[in-house]
Amino acid sequence: MKFYCRSIEEVLDSTKSSPNGLTTEEAEKRLAENGKNKLKEGKKDSLVVRFLKQLADPMIIILLVAAVVSGVLEVMAHGLTLDAFTDSIIILAVVIFNAVLGVYQESKAEKAIEALQEMAAATSKVIRDGKLVHVRSEDLVVGDIVVLEAGDAVPADGRLIENASLKIEEAALTGESVPVNKFIDIINLSDESKDVPLGDRANMVYMGSTVVYGRGTAVITATGMETEMGKIADALVQAEEGKTPLQLKLAQLSKILTWLVLGICVLIFGVKLIGAGGNITADVFVDSFMVAVSLAVAAIPEGLVAVVTVVLSMGVSNMSKKNAIIRKLTAVETLGCAQIICSDKTGTLTQNKMTVVDSYGEDTSLLASAMALCSDAQLNPDGKVEGEPTEAALVEWAAKLGISKIELKEKFPRCGEAPFDSGRKMMSSVHPNGNEFVQYTKGAPDVVVGLCTHYLKDGKPVLMTDEYRQEILSANKSFADRALRVLACGMRTYTAEPESYEAEALEHDLCFIGLSAMIDPVRPEVKVAIEKCRSAGIRPIMITGDHVDTAVAIAKELGILGGGAKAITGAQLNEMSDEEFEKEFMNISVYARVQPEHKTRIVNAWRGAGYITAMTGDGVNDAPSIKAADIGVGMGITGTDVTKNVADMVLADDNFATIVGAVEEGRRIYDNIRKAIQFLLGSNISEVISIFVATLMGFEILAPVHLLWINLVTDSFPALALGVEKAEPGIMDRKPRNSKDGVFSGGLGFDVAYQGLMVSVLVLASYFIGANMGGRDHGMTMAFLTMSMAEIFHSFNMRSQRKSIFTLGHNNVALWIAGIGAIAATVLVCEVEFLANAFGFTPVGIEEFAIAAALGVLVIPIVEIVKLIQRVFAKK
């Protein structure tokens, strides 16, 4: 039932209640039948299940297979000893570290519902058996009569049956920055098949909102998961978290590598057996199997997952220093390819704080003093203002003009008042002023101005004229056209204290003082941030629960609305079919008066069209769409716990501009991950080609343990150092990358192939030189040295895919440290006797070492020449 368009009597009849409330017996019966007024919790995976899910990634499975095969290989070669399991232990340690880190970073979903529960009221004032009693909010049932006063949290959804100037803050649910004036009248619908937006249902109250002024009573119409907040909680449980672009790319890469490894193993295994002819002995079979496994280990970049994880972690650390707290590790790069940012207005683009920005009247000081006195907001000694946001704005405005409400109260104490009433749309207060009494009345301009018979001219009241009244209305219209909230103020003086403080006795024959105009102002840094977003190819979309005029004014000021883009309301969106919306949504930049399901629909429309979509916000109403987006951005200061727990990233300073820094960091991190992937896969390709050629020629160039050392030690540390490479110039002047681009897009596949072949040629050359100087073991030692040196020097090539490393203008200190460390580790494993014996290396002289190093250094000039050719072709 749409309770807001039903009379109080119809609602009480429908809920089988009365103004005296339910009996205790009936309440207990309903509680037993319908359950507690609580939000259900989403299913929680156990720690073990979450850990196992981390291991289900194809790349991780490949690593586990590599660990098992490596262990079997070593046992077959050396027997059942601890040394036989060294390689397996190293790989397993990498896998476990990665899985634990993933569980730690991503275990957040269950906190969202808990935060929603904490937001609900703990106890409520209820009329039962005709008496006012306090009961636990979770024990409320449909039909209970709840008493609401200023400061109370609304414990469930209900229809108002009594109202005394009730104002309720619903920003967390609707996005409306101004508290809603409530009434008890029926909301008439011309067409009952249509719905009224949540923020316009002024005769209803909702769980999770807060009473800021007045009092009232309501009959409960929905509890628990049936409330509007319950629907949000249900949406959080149902919303599916999709994979980020990086996860999809790594999954794609894992599949490619899986089939590549299987293909290589079968091919080499078959080639070795065919080469043996009919003489296939056990030794031949095992030898063939070991060669195939060597190629499998060579093809698997064991350090890739760990390197990507650590690079992302370093990015998370950097972003936290810039007030962007990442809650989900792989989401750090998603913002870097975001094409759409759907942003809530209140508290995100604006300050969520009503502020007087303009006024009209002869005496600004008198106007500010009158507005401050005729309000219930209070100025604390520490300078903070407490009270209803609109009135707080007036008191703060006076304070900025040097007029303290504390001093005003002492000088002009309030001796009587006619409280605000939504029917009258104004309030009045009376104060002693020497031998006289002065009354100030503030409220809606159309009402207050209509009661004014005089206005101030040169500090004295003169009779109101039609010309001046029109001047006031023109000023009011100019404020309204700027989407400002306008209040008018008038005064009346008495020689003695009024005999009656009834509104009818006070509010007439007023002298007009002036108008004050206020708005929830934009954050000063947001306009610049939005301009930067546009230059980076990102389109901002405003989604708000506020009125369309206000939303349009803010959007135009920020540059969100323009160029033929449209603004629509949630009601208009409701009337659009999915087919109509699919045709129109790209032309819409502003959505006003929306409800939570609208936000999710908008986000899903952009995602469905293939756009990487981010959603920012701070209220409970933003949570489902934040979870549905590719990356959800919550606000750390004004944001609710619900939103922060669902978000992938939280802005610690609530600064929209922080998103721009996060976008740049995300792009830099993704670029660096691609550099690491190119570097590691190039190394693997060189190993595969080297072993493949050596196998066909009938000799062993590198053993599995050599390959694991290169993959996990020589390659991993330079790859990690590439993760801290600074952003290349112009990174924020290019359009977001296409999320459908594969890992090898942009020529990376070609680069990996030719660079892998290049290193293979150098390694094979080194082997033949070494074998010629001192036999096959010596050749293997030379090949290992050259492979290690070439990879270390090649890591410097990877600092930029196309630019010359000699023109980057900055150094990567971490890469120098990693390179020197990797060289030292390589020398140690070759020169320390027990290590050299374990790896099967022969002693290397200065001459051989110089030859191996010289061959390794050749990768830099070769790649520089290829980059030059690629740049020339790119210009053409």
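When region 741-767 is filtered for residues that are more than 18 Å from Met789 (Cα to Cα) and either out of contact with any Leu (no Cβ under 7 Å at 6 or more places or on another chain) or crowded, with 22+ Cβ neighbours inside 10 Å (or both), the ones remaining, listed by number, are Asp741, Gly742, Phe744, Ser745, Gly746, Gly747, Leu748, Gly749, Phe750, Asp751, Ala753. Suppose we filter region 179-196 for residues that are in contact (Cβ under 8 Å) with a residue 40 or more places away in the chain and open to solvent by 20 Å² or more (accessible area, probe 1.4 Å); how many remain? Residues meeting the conditions: 10. Of the residues in region 511-526, at least one is without any contact (Cβ under 8 Å) to a residue 60 or more places away in the chain and assigned to a loop (DSSP other than H, G, I, E, B). Would you check which residues across region 533-558 are under 22 Å from the mean Cα position of the chain (by Cα) and not in a helix (DSSP H, G or I) and list them? Result: Ala536, Gly537, Ile538, Arg539, Pro540, Ile541, Met542, Ile543, Thr544, Gly545, Asp546. Kindly check whether there is at least one residue in region 342-352 that is acidic (Asp, Glu), within 22 Å of Met635 (Cβ to Cβ) and either in contact with a helix residue (DSSP H, G or I) (Cβ under 6 Å, 6 or more places away or on another chain) or at pLDDT 95 or above (or both). So far as region 342-352 goes, yes, one or more of its residues are acidic (Asp, Glu), within 22 Å of Met635 (Cβ to Cβ) and either in contact with a helix residue (DSSP H, G or I) (Cβ under 6 Å, 6 or more places away or on another chain) or at pLDDT 95 or above (or both).
Restricting the first member to region 454-466 and to residues that are without any contact (Cβ under 8 Å) to a residue 24 or more places away in the chain, and the second to residues that are surrounded by 11 or more Cβ atoms within 10 Å (Cβ to Cβ) and in a strand (DSSP E or B), the beta-carbon pairs closer than 8 Å and six or more apart or on different chains are Val462/His454; Val462/Tyr455; Val462/Leu456; Leu463/Thr453; Leu463/His454.
When the test is whether a residue is closer than 25 Å to Glu169 by Cα, part of a loop (DSSP other than H, G, I, E, B) and out of contact with any Lys or Arg (no Cβ under 8 Å at 6 or more places or on another chain), Val594 passes it.
Just one residue in the set Lys675, Lys627 is of a type outside the set (Asp, Glu), open to solvent by 10 Å² or more (accessible area, probe 1.4 Å) and either assigned to a loop (DSSP other than H, G, I, E, B) or within 30 Å of His598 (Cα to Cα) (or both); that residue is Lys627.
When we screen Glu391, Glu396, Glu417, Glu410 for residues that are part of a helix (DSSP H, G or I) and in contact (Cβ under 8 Å) with a residue 40 or more places away in the chain, the only hit is Glu396. When the residues of region 687-703 are filtered to those that are part of a helix (DSSP H, G or I) and open to solvent by less than 20 Å² (accessible area, probe 1.4 Å), the one that is farthest from Ile792 (Cα to Cα) is Ala694. Identify the residue in region 832-842 that is without any contact (Cβ under 8 Å) to a residue 60 or more places away in the chain and not β-branched (Val, Ile, Thr) and, among all such residues, is least open to solvent (accessible area, probe 1.4 Å). Across region 832-842, the extreme among qualifying residues is Ala836. Residues in region 477-494 that are touching a Phe, Trp or Tyr at 6+ places or on another chain (Cβ under 8 Å) and either buried (at least 19 other Cβ atoms within 10 Å of the Cβ) or not polar (S, T, N, Q) (or both): 7 in all.
Note on region 377-388: among residues that are in a loop (DSSP other than H, G, I, E, B) and touching a strand residue (DSSP E or B) at 6+ places or on another chain (Cβ under 7 Å), the one that is modelled with the highest pLDDT is Ala377. Within region 520-545, the set of residues being buried (at least 23 other Cβ atoms within 10 Å of the Cβ) and either within 30 Å of Val447 (Cβ to Cβ) or of a type in the set (D, E, K, R) (or both) comprises Asp520, Thr544, Gly545. Look at Ala790 and say whether it is in contact (Cβ under 8 Å) with a residue 60 or more places away in the chain and open to solvent by 10 Å² or more (accessible area, probe 1.4 Å). So Ala790 fails the test.
Of the numbered conditions (1) open to solvent by less than 40 Å² (accessible area, probe 1.4 Å); (2) among the aliphatic types (A, V, I, L, M); (3) in contact (Cβ under 8 Å) with a residue 60 or more places away in the chain; (4) more than 15 Å from Met491 (Cβ to Cβ), Val449 fails exactly one; give the number of that condition. Only one criterion is unmet by Val449, namely (4). Of the candidates Thr355, Thr364, Thr390, the single residue that is open to solvent by 20 Å² or more (accessible area, probe 1.4 Å) and either under 23 Å from Leu510 (Cβ atoms) or under 17 Å from the mean Cα position of the chain (by Cα) (or both) is Thr364.
Residues checked against (1) over 22 Å from Ala614 (Cα atoms); (2) at pLDDT below 70; (3) out of contact with any His (no Cβ under 9 Å at 6 or more places or on another chain); (4) surrounded by fewer than 21 Cβ atoms within 10 Å (Cβ to Cβ):
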| position | (1), (2), (3), (4) |
| --- | --- |
| Gly263 | yes, no, yes, yes |
| Ile274 | yes, no, yes, yes |
| Ser288 | yes, yes, yes, no |
| Leu304 | yes, no, yes, no |
| Ala324 | no, no, yes, no |
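Here the condition is being within 24 Å of Leu696 (Cβ to Cβ) and either open to solvent by less than 40 Å² (accessible area, probe 1.4 Å) or modelled with pLDDT of 90 or more (or both); of Gly779, Gly845, Gly774, it holds for Gly779 alone. The residues in region 563-591 that are loosely packed, with under 15 Cβ neighbours inside 10 Å and part of a strand (DSSP E or B) can be counted, and the count is 1.
The values are calculated or read from the model by the stated rules, or taken from the named source; none is laboratory data. Just so it is clear, the structure is predicted and the values come from calculations on it, not from any experiment. Cβ coordinates were reconstructed from backbone atoms using ideal geometry, including for glycine residues, and neighbour counts include every protein chain displayed. SASA here: full protein model, heavy atoms, side chains in, ligands and nucleic acids out. Shrake-Rupley method; radii C 1.70, N 1.55, O 1.52, S 1.80 Å.
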